[in-house]
Every structure is written in C-alpha cells, then in structure tokens.
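Trainee: Let me give you the structure first, and then I'll get to my questions.
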Amino acid sequence: MAINWFKYSAPSTFYALAGKLIPWFAISAAMMFAVGLYIGFFVAPVDYQQGEFYRIIFIHVPASILSMFLYLVMAGYAALGLIFNTRLSAMMATAIAPTGALFAFISLWTGALWGKPMWGAWWVWDARLTSELILLFLYLGYMALHSSIDDPRRADRASALLAIVGSVNVPIIYFSVKWWNTLHQGSTIKFSGTTMHVAMQQAMFIMLAACWLYAIAVVLARVRSVILERERQTKWVAELPEVRG
Amino acid sequence: MNGLDIWMRENPLTYVWLGSYAFALLIFAVEIVLVRHKRNLTLEQIRLLREAGEED
C-alpha cells in the first residue's frame, strides 16, 4: 500500500498525526533515559584515567550530537520553506530552534563540568568549545530574528537565510578537533568505530536515542502550538474539539 | 585547591549526577512545562477570538 507522504505536509493532517505520535515518543524517551542512566551509572566500569568524572560523557556527547544534528535539520526545513514556500517546513524550523539551543547549552554546561576536574578550568577558548558556543549564538540569533519581525512569512524567510548560512558552523564543530591543535579530546564516535568499553557504548547510544526521542516529542508538541497560532483563522482549527472546548 | 575542587574530588558521583544529569533533567522538565503552557495559552487565545467573532 503506497503512502501519500505529501498529505502530511498539510498543517491540518500533520497536526493530527503529531498529536498521535507524541505519547509514543515521550514514553519511549522516558524508558530509554531510565535504561541509559542505569547502565551509565551501575553497569559501565570506572575509567582508569578519569575515574567517575568520565560519566558526564553519557549526557555530554548525546547533547552535543543533538545540538549539531538539530541545527542541520532546522536549516534543512528552513531551506525547504524558503525554496518551495511550504508552510509546515518553516513552522518545523521555528519549533526545532529552542530545543536545539537547549541541547547546545547542555553540551556547553556539561562540558564545563567535565573540563574543571580534567583540565583545571571551566572554560578555555579552544576551537571545539568556541565553535559550539557560536552554535548556541546562532540558535539564539535565529529565534531573536524570527520573533523581531511581525509578519510570520517575512520572519520565516529572513531567519531561514541565517539558518542556512549558519549551517557552515556544524562541520567546523565536528572537524575542529582534527583541524586545530585543541585541548578537547578527539571525537568519541568516529565513522571508523570506537575503542570504548561495550557497556559505555551501550549507555551512550541508549542516551543518544533517548535524547533523540525526547527532542522529537517536544518539537512535535511545540509545532502543534505553532500550527494553531498560524492557522487560527482557518475552518479546520475552529472545528477542533480542543478549540470548541 | 579551593573548597569546590576538594569537594568534587571527594564526591565525584554526586558532582556528576547533580551538576550534569539533574541539571539536564531539570532543563527538560522546564521545557516540557513551557511547551504545555504555550499550547494552553494558544488554545485560550483562539477560543477568545472565536467567541469575539461569534458576538460580532
């Protein structure tokens, strides 16, 4: 049976679909967080060099990966909206930005907490840390620019340009540890594999999946509000049971 | 070494748990509350607009 995916590019159909999907993603995220934290704290062994401090990795790496991927997804949606003038794409980009910014903030925060016992400093102007900080500023700039323009369609177009131009920062973050001589350690997960203990890998990948599921659930919940706000004059919104009360 | 340095080396798991995980989970909780609040606010605004339209 062929599925007509274009059907879900209409805000009215996507609104209903998102409403059905949110509980599944949210429950799966909560379960994954519980399992990931259990393995991370009770199963994964102590690191011979970093002791217990290395356990920050199970939130730091997933948050960093999510902050970069969400930016690319946001820029992708913004580009789709700019090129094809699709309403839902711009709404998705708007909904992704705050979650991406939070993940960038968590990445910087947990990085500082890890840096203090390992390097003796909360912060250094290292290439990896600085480019991640720029990513946070790009998210904040995107949100500030979008909310500073009253007309939503004009706001979508202006902020889409910023998102697309800013996406050049994502490969800079990823390759910064290769391109420059940095204090930050090399990539934990490489395309060629990883040398981590299997329990550490399990904890990290489960926490990564949990963060993904959480991000999808919260972005879908936010985009439903954005859809309602933008489509409030339409008949289908007026006929929704939650609007009729 | 100052007091915090000594404390974090004596209690590494508490430092990691409270500083990273509890803080991250708190941020997630705040985000969920804000998203739910935004939805309730948007629905309330739409209902008010609808009622105002019906009165006209």
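Bear in mind these aren't lab numbers, they're just calculated from the coordinates by the rules spelled out. No experiment lies behind these values; they were computed from the predicted model shown. Neighbour counts run over all protein chains shown; Cβ positions are idealised from the backbone, glycine included.
Trainee: Work out, step by step, the length gained on full extension between residue A:154 and residue A:239: first 0.36 nm times the residue separation, then minus their alpha carbon distance; give nm to one decimal.
Mentor: On the way: separation 85, 0.36 × 85 = 30.60 nm, distance 2.81 nm.
Computed gain between residue A:154 and residue A:239 is 27.8 nm.
Trainee: To the nearest 10 degrees, how steeply does helix A:57-84 sit against the main Cα axis of chain A, on a 0 to 90 scale?
Mentor: In chain A, helix A:57-84 runs at an angle near 30 degrees to the longest axis.
Trainee: Moving on. When we measure straight from the Cα of residue A:178, which lysines land under 17 angstrom away, once same-chain ones fewer than 8 places off are left out?
Mentor: Counting by Cα, and skipping residues close in sequence, residue A:178 has these lysines nearby: A:190.
Trainee: Please report A:9, A:225 as a ranked list, fewest other C-beta atoms within 10 angstrom at the top and most at the bottom.
Mentor: Least crowded to most crowded, the residues run A:9, A:225.
Trainee: Starting from the 7 Å offset along Cα-to-Cβ, what nm value, one decimal, do you get for the label separation of residue A:49 and residue A:69?
Mentor: For residue A:49 paired with residue A:69, the spin-label model returns 2.6 nm.
Trainee: Next question. If one computes the Cα centroid of the stretch A:67-129 and of the stretch B:1-51, what distance in Å separates the two points?
Mentor: About 17 Å separates the Cα centre of the stretch A:67-129 from the one of the stretch B:1-51.
Trainee: Right, here's the next one. What average count of beta carbons from other chains do you get within 10 Å of the Cβ of residues in A:219-229?
Mentor: Working: counts 1, 1, 6, 5, 0, 4, 9, 2, 1, 6, 6.
Across A:219-229, the average partner-chain Cβ count within 10 Å equals 4.
Trainee: What is the fewest-to-most order of A:47, A:126 by other Cβ atoms lying within 10 Å of their Cβ? Kindly include the intermediate steps, with their values, before the conclusion.
Mentor: Working: A:47 15, A:126 20.
Starting with the residue having the fewest Cβ neighbours, the order is A:47, A:126.
Trainee: Counting only other chains, and only Cβ atoms inside 10 Å, what mean value do you get across the residues of B:37-47?
Mentor: Values: counts 1, 7, 7, 2, 2, 8, 8, 1, 3, 10, 5.
Partner Cβ neighbours, averaged per residue: 5.
Trainee: Sticking with this one: Out of the stretch A:37-103, which chymotrypsin sites (Phe, Trp or Tyr not before Pro) are coil in DSSP terms and have no more than 15 other C-beta atoms within 10 Å? Walk me through the numbers on the way to the answer.
Mentor: Details: sites: A:38, A:41, A:42, A:48, A:53, A:54, A:58, A:69, A:71, A:77, A:84, A:103; in loops: A:48.
For chymotrypsin sites (Phe, Trp or Tyr not before Pro) across the stretch A:37-103 that sit outside H, G, I, E and B with at most 15 neighbouring Cβ atoms in 10 Å, the list reads A:48.
Trainee: Pop a pseudo-label 7 angstrom from the Cα along the beta-carbon direction at both residue B:9 and residue A:27 and give the gap in nm to one decimal.
Mentor: About 4.8 nm separates the two model spin labels.
Trainee: If you line up the long axis of helix A:11-38 against the longest principal axis of chain A, both from Cα atoms, how many degrees apart are they, to the nearest 10?
Mentor: On a 0 to 90 degree scale, this one is about 20.
Trainee: Separate question: Check which residues have an amide H placed less than 5 Å from residue A:47's amide H, if you skip close sequence neighbours.
Mentor: A:54
Trainee: Going by how many other Cβ atoms sit within 10 Å of their own, how do A:184, A:146, A:197, A:60 line up, fewest first? List each step's numbers first, then the result.
Mentor: Details: A:184 17, A:146 22, A:197 13, A:60 25.
With the fewest neighbours first, A:184, A:146, A:197, A:60 line up as A:197, A:184, A:146, A:60.
Trainee: For chain A, find the longest principal axis of its Cα atoms and tell me its angle to the long axis of helix A:198-230, 0 to 90°, nearest 10.
Mentor: 20
Trainee: List the lysines whose Cα sits under 17 Å from the Cα of residue A:20, skipping any in the same chain fewer than 8 residues away.
Mentor: Here the lysines satisfying the reach criterion relative to residue A:20 are A:7.
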